[in-house]
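FYI, it's all coordinate maths here, none of it is from the lab. As the structure is a prediction and not an experimental result, all values here were calculated from the model. Reconstructed Cβ throughout: ideal geometry from the backbone, glycine too, with neighbour counts over all protein chains shown.
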Amino acid sequence: MIVGDAMGTLWFKGYTVLQIESLCSERFFNLCEKRGICIHKLYPQDDKCIFTTSVDDFYKLSPIARKTKPHLRIKEKKGFPFILNNVLKHQFFLAGIVIFFTVMYVLGHFVWNISIDGNYMNSDDTIYKYLDENGIVYGTRKSSIDCEALEAQIRRDFDNIIWVSVALKGTRLYIDIRENQDEIITAPDGTPSDIVAVQDGVVRSIVARTGTPMVKAGDIIKAGDVLISGTVVTLNESSEPIATEQVYADGEVQMYIQIPYTAVLNRSYIKKEYTGHSYKSVALHFGNFRLPIEVYKEKYEYQDEFGESWTLCLYQDFYLPLGADTTYHREYTLTQTLYTDDEMKQILEENFAHYLQKIDEKGIQIIENNVTISISDEEAQMYGFIYAIDTAFGREEISIEYR
Amino acid sequence: MKKDLLDAMFIPRDAVYKEYNLSTVGNKQLFVEGFEAIKELSSTLIRLRVKDGFLCITGEKLYVEYFGEGEIMIRGCITAIQLK
């Protein structure tokens, strides 16, 4: 039961498919068996038989063929030796394979793709430009890139990048970035200072942790007024000052504030409308060289362009400097149009809602708003006030004169 | 006497008496060991000479998968195996 193995071995050693035409083919095969010749895939077809034998056994057939005188014909030659022989005959094909692997080997020593991940505050273009300035572009030798040094350099040159990982995989350079998205909180330096109001309002509540409160709930104050003073005066039993100390004032002040809001919207505007006409253009790129192929082109007065880039990737991270850039062009027209009253009202309300949202994000608590919309033939106006509670305050160093 | 001795030593008969041995896989494959020669070969009948006579394998689309060293593997749609 060695059929499977035998066929595998046959393929490596090479085998021939023969056709025998004889009245006594049985005798031929019996003689083969006696001489130790193995026959495979013997198909009887009327007075003919097709069978397979190894190349070694094929040469042992001649004395038997002389004896039985069959009509023996080679139908096919198969197996590795024949394939190899066939390949060797095609020198250009062989040269092509050698050149292909050589080119692949050479191209594998360069960077053909840069992947940037994790960046939000620094755009891809900013980082590409930065890499370009530091000599890292498509086609840079991999051996000339020191990943650790590049990591340190990026961290040093970008203040908002707190962690960076640079790795080379195949022909791809991976740059993974973590940015500090929180606001930089500076620790109080302890310099004696006052807490001052940043805008006009009415004090809702005041709690002084350090320093002397200068206002009380209900007081009307103006921007720049001192709310908590950094000067602490110690009094004796007779309420006479016996000591003065300058401290870093600290505390919480809540103020009722009034924010004016005005928005104007012109009735006339330029409307952008897509015509439905579009076309696609393709450009091939090899490294930094770009070859545009403009088989079909249309001329648009106004157009939107957006594109996508494709780079040839042989396997996982093995990118090659070959690819195509596809650009889509969409035509649009600009026409002078007028808003209807409802449209104007809707736009103004949407803008106002967006403005309120932004105020809320700043930590200002909105109590009430009192805005009105007035619409004329030319424009629409939205104006009024927003009433809110603000906890923001400024700080002012205690000056020598103040002391 | 010889038979008793072989039985006692657990030696198979086909190894000593050069008898043939058949094994089949369904009706699609037949493997014969210890046959002497092929006497007739066609896609419907394969006749093998064995020690005591002839083994006739009839069927359809019969072909020899492997043949050599006293072994033959026949494949196809086997309908009958007869000893004549």
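Panel order for A:117, A:176, by other beta carbons found within 10 Å of each beta carbon, from fewest to most: A:117, A:176. Placing dummy labels 7 Å off each Cα toward the beta-carbon, the span from residue A:21 to residue A:144 is 7.1 nm. With R₀ set to 35 Å, the beta-carbon distance separating residue A:225 from residue A:350 gives a calculated FRET efficiency near 0.45. PRE reach from residue A:80 (point 7 Å along Cα→Cβ): which of the range A:16-55 fall under 16 Å by backbone N? Residues passing the 16 Å test: A:16, A:54-55. Out of A:231, A:241, A:348, whose Cα points farthest toward the positive end of the dipole of chain A (charges: +1 Lys, Arg; -1 Asp, Glu; placed on Cβ)? Most positive-ward Cα: A:348.
Normalising the average separation of contacting C-alpha pairs (under 8 angstrom, six or more residues apart) by the number of residues puts the relative contact order of chain B at 24 percent.
Residues considered: A:334, A:322, A:173. Largest GNM mean-square fluctuation over chain A, using C-alpha springs under 10 Å, is found at A:334. Taking chain A as a Gaussian network of alpha-carbon nodes connected by springs under 10 Å, the highest mean-square fluctuation of the residues A:51, A:318, A:92 belongs to A:51. At a Förster radius of 45 Å, what calculated FRET efficiency corresponds to the Cβ-Cβ distance of residue A:385 and residue A:129, to the nearest 0.05? Once the sixth-power term is evaluated, E becomes 0.50. In terms of distances greater than 27 angstrom between alpha carbons, the cross-link table entries A:129/A:272; A:13/A:60; A:13/A:34 yield A:129/A:272. Derived value for the range A:113-179: Kirkwood hydrodynamic radius 11.9 Å. Basis is the mean of 1/r over every pair of different alpha-carbon atoms.
For residue A:142, the aspartates and glutamates whose Cα comes closer than 16 Å to its Cα, not counting residues fewer than 8 places off in the same chain, are A:132, A:151, A:317. Measuring nothing but how far apart in sequence close Cα pairs (under 8 Å, 6+ apart) lie, relative to its length, chain A scores a relative contact order of 13 percent.
Rounded to 0.05, the FRET efficiency of the residue A:202 and residue A:156 pair, given R0 = 41 Å and the Cβ-Cβ distance, is 0.25. For the protein assembly as shown, the C-alpha radius of gyration sits at 2.07 times the compact-globule guess of 2.2 N^0.38 Å, with N the residue count.
Exposure proxy for A:112, A:163: other Cβ atoms within 10 Å of each Cβ, ordered fewest to most, give A:163, A:112. A simple spin-label model places the labels of residue A:395 and residue B:29 8.8 nm from each other, with each point 7 Å out along Cα-to-Cβ. Each Cα pair under 8 Å and six or more residues apart adds its sequence gap; the mean of these over the residue count of the range A:142-246 is a relative contact order of 17 percent. For residue A:48, which lysines qualify as cross-link partners when the Cα separation must be under 17 Å and same-chain residues fewer than eight apart are set aside? Excluding near neighbours in sequence, the set is A:69, A:75, B:39, B:61. Taking a straight Cα-Cα cut-off under 25 Å and skipping sequence neighbours fewer than 8 places away in the same chain, the lysines within cross-link reach of residue A:358 are A:222, A:345. The ranking of A:55, A:166 by Cβ neighbour count inside 10 Å, starting from the fewest, reads A:55, A:166. Connecting C-alpha atoms closer than 10 Å in a GNM of chain A, tell me which of A:165, A:25, A:193 has the biggest fluctuation. Comparing A:165, A:25, A:193 in a Gaussian network model of chain A, the most mobile one is A:25.
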